[in-house]
1. Pairs of Cα atoms under 8 Å, at least six residues apart: use those to get the relative contact order of the range 168-238, whole percent.
2. Which semi-axes, in whole Å and largest first, does the equivalent ellipsoid of the range 163-205 have when worked out from the alpha carbon gyration tensor as the square roots of 5 times its eigenvalues?
3. Using R₀ = 35 Å, calculate the FRET efficiency as 1/(1 + (r/R₀)^6) where r is the Cβ-Cβ separation of residue 296 and residue 55; round to 0.05.
4. Scattering from the C-alpha atoms of the range 24-155 alone, worked out with Debye: what is log10 I(q)/I(0) at q = 0.11, 0.12 1/Å?
5. Averaging sequence separations of C-alpha pairs under 8 Å and six or more residues apart, then dividing by the length of the chain, give the relative contact order as a whole percent.
6. Where does the chain land at 222 nm, in deg cm²/dmol rounded to the nearest 500, when only DSSP H runs of n ≥ 4 count, each adding -39500 (n - 2.57), divided by all residues?
7. If you take the beta carbon distance between residue 153 and residue 303 as r and set R0 to 51 Å, what does 1/(1 + (r/R0)^6) give as a FRET efficiency, to the nearest 0.05?
8. Using only C-alpha positions, report the orientation-averaged shadow area of the convex hull of the range 230-310, nm², one decimal.
Ligand SMILES: Cc1cc2nc3c(=O)[nH]c(=O)nc-3n(C[C@H](O)[C@H](O)[C@H](O)COP(=O)(O)O)c2cc1C
């Protein structure tokens, strides 16, 4: 099932969802290598971009060796969002993003109380204005990521998605939970299906996809044009190849421990290239040990990685667990 998002064509409609603290270049790259067709940066503040905050530019930096990457921005003021999108879409900041994604789902109090993230879902009119302003400022597709609504009594994903569509969005991605649910409960496929039925532009379904079976049932239950995977890809970028094999009706052979360990270390080396050991190692701890989740010795590996401060120590911890399997 191929999907077009403006001028971007995705052969299977399989993307990596944005995750702050996770979807850096290292994670995006290993996911693309396993078949992910579109990834999204961690969210960046539109205001911080306009004020030229250096750290924000490094979060939004895309390198030419990556696959297609969208940059996600958050904010609430149409002019600032437009200005930020224009700056980020210029080729001078690393490589160019293929799209600008607008965050309309972040549930975190600090963002919500500023009227940003999921707070945008309080006002479909503002959503339309923001998307329209951003669209007018860039020459690449604009997409939006929404939730089901703010709480159970205000489910308005259809209205918000339609507002984004009339503002000129080329694709909507929906996480089927409300803001109040945060990450608890289950993503509601009925709501996703309703949004799909209302839209002309493609809809990507998101929430709780951790296996190929989940991916296929998400598509058949909602009729979505594509799927976005977040937590399921952490420590398991192979999920993308598994899903694509399932979509193609091909069999998928389980990825062995050696390739898992190799990929974990490769992701860590990429993160170190970008951020240096001192920043990359503590940040990557939550991801790297997950690669060997379920294998004998995995909890000892996690403890060792948590205590490591250098790449050599992490590598030695992996060598040890690999030896233990023999
Ligand atoms: C640690 C973490 C960080 C996240 N950061 C973002 C973000 O920056 N922008 C965004 O739109 N969604 C963010 N999300 C939400 C995910 O994109 C996704 O919608 C959610 O995790 C549900 O999908 P999943 O079950 O596949 O993880 C984040 C989720 C997690 C767990």
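Each reported figure results from applying straightforward, stated rules to the coordinates on display, with no laboratory input. Note that the structure is predicted; figures quoted are calculated from it, not measured. Cβ placement follows ideal geometry from the backbone for every residue including glycine, while neighbour counts extend to all protein chains displayed.
1. It comes to 32 percent, rounded to a whole number.
2. Three semi-axes, in Å: 21, 11, 8.
3. Details: r = 40 Å, r/R0 = 1.14.
After rounding, the FRET efficiency stands at 0.30.
4. Listed by q, the Debye log ratios stand at -0.37, -0.44.
5. Once divided by the residue count of the chain, the mean separation gives 14 percent.
6. Values: 14 runs with 147 residues, N = 326.
Counting only the DSSP helices, I get -13500 deg cm²/dmol.
7. So, using R0 = 51 Å, E works out to roughly 0.70.
8. Mean projected area for the range 230-310: 5.9 nm², to one decimal.
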